[in-house]
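No value in this document is a laboratory result; all are computed from the given coordinates. Quick caveat, the model's predicted, so the values are computed rather than measured. Heads up, the Cβs are rebuilt from the backbone with ideal geometry, glycines too, and the neighbour counts pull from every protein chain shown.
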């Protein structure tokens, strides 16, 4: 019997999440929810979805829905996710996990009590190049991990497009910033590859006070757009992590790590995707890291209906994450990245806030 999915969001949710869900065996997307009846009915008609909702609480309570994909703003999403968990729904939650540490703690505790499967949309660990890097690291390619850099620098608002749907990222109080959004993605990846962070020191600031468009439109920026974190992992490895959504000519994604025996470099020109993320590696004594071919087993999963060449690039790793979630609901394997890892990432973000406030290293065990 198919699991029934309801999607809260008719923008990115129907553009990318919907085709990803439809590529997963055993899934039927039966509902879509927006804030207004007119837009919900229009989205349902446009995408061939049977049931429109314009009340997220009603969708959460509906007994015919098994999984809720919740993709709205962090500041309003907490109540929706809590309602879903209270009604026994499995939840695919957006990034950042919550609007702040207190909300993340409430979501994590409610999830632990619910007995449901909770996954967050930090799907970069499902990108083929990253999965291969993880396999190589686990097999000892680096030897003892020493250090590296992680850069996630994009140019989203340097030249403002007034029609860009995420210009609300400038507003304070909504639970977003470069470190909360892009930083969450980076921290999920680093946790996936290298385990727990023991302590960190951070700087979180703003490069642009105004976002300006060629037509004269100006938006005052109230959120931070540039952050640097120095992370010491429980293993002793130290990684420098920099994120910005207003980096001039942003370089995209770079993960460059080394250990006693080797070095691994993953790069993407923008957000890491299955098609565009490359992998280079080299062993001690080599002149330079060389390109690494990604095996077909990472590029083509026979049990989902899309591959690494999908037109909407986010859908391939997203569908892999959703498929793992479905398997976990059936009692097979583990969903990832799950709400437990999301709580670890939120604790890192909380530690970064405390570090910035008190200008010191902060141990993760200080954040509970």
message = Please list, in order, the residues from the stretch 161-188 whose amide nitrogen is less than 20 Å from a point placed 7 Å along the Cα→Cβ vector of residue 215.
response = 161-171
ask   = Taking 0.36 nm per intervening residue step and subtracting the Cα-Cα distance, what contour gain separates residue 297 from residue 136 on full extension?
value = 56.5 nm
remark   = So, relative contact order of the chain in percent, Cα under 8 Å, 6 or more apart, is 19 percent
task = Among 270, 330, 11, determine the one that fluctuates most according to a GNM of the chain built with springs between C-alpha atoms less than 10 Å apart.
result = 330
query = Under a plain spin-label model, where a point goes 7 Å from the Cα along Cα-to-Cβ, how far apart in nm are residue 260 and residue 365?
reply = 2.5 nm
query = If r is the Cβ-Cβ distance from residue 159 to residue 50 and R0 is 41 Å, what FRET efficiency results, to the nearest 0.05?
reply = 0.50
ask   = When the chain is fully extended, how far beyond the present Cα-Cα distance does residue 270 get from residue 61, taking 0.36 nm per residue of separation?
value = 71.4 nm
ask   = With the contact rule set at Cα under 8 Å and sequence spacing of 6 or more, what percent relative contact order holds for the stretch 281-368?
value = 12 percent
query = Between residue 86 and residue 206, what FRET efficiency follows from the Cβ-Cβ distance if R0 is 51 Å, with the result rounded to 0.05?
reply = 0.85
task = Could you check which residue among 345, 119, 218 shows the biggest mean-square fluctuation in a GNM of the chain with a 10 Å Cα cutoff?
result = 218
remark   = Once normalised by the length of the stretch 3-116, the mean sequence separation of its alpha carbon contacts under 8 Å that are 6 or more apart gives a contact order in percent of 24 percent
query = What distance in nm separates the simple spin-label points at residue 12 and residue 332, each placed 7 Å from Cα in the Cβ direction?
reply = 3.0 nm
remark   = In degrees, nearest 10, the alpha-carbon axis of helix 178-194 is tilted away from the dominant principal axis of the alpha carbons of the chain by 70 degrees
query = Fully extended, how many nm does the chain gain between residue 280 and residue 73 (0.36 nm per residue separation, minus their Cα-Cα distance)?
reply = 70.9 nm
note = Mean shadow area (nm²) of the C-alpha convex hull around the stretch 1-78 is 4.8 nm²
key: Rounded to 10°, Cα long-axis angle of helix 37-47 versus longest principal axis of the chain   = 70 degrees
task = Go ahead and set up a Gaussian network model of the chain, Cα springs under 10 Å, then flag whichever of 98, 268, 129 fluctuates most.
result = 268
query = Given the rule -39500 (n - 2.57) for each run of at least 4 DSSP H residues, summed and divided by the residues of the chain, what is its mean residue ellipticity at 222 nm, to the nearest 500 deg cm²/dmol?
reply = -9500 deg cm²/dmol
query = What angle do you read, to the nearest 10 degrees and between 0 and 90, between the alpha-carbon axis of helix 128-138 and the longest principal axis of the chain?
reply = 50 degrees
message = Quick check: pseudo-label points 7 Å beyond the Cα along Cα→Cβ at residue 357 and residue 340, how many nm apart are they?
response = 2.9 nm
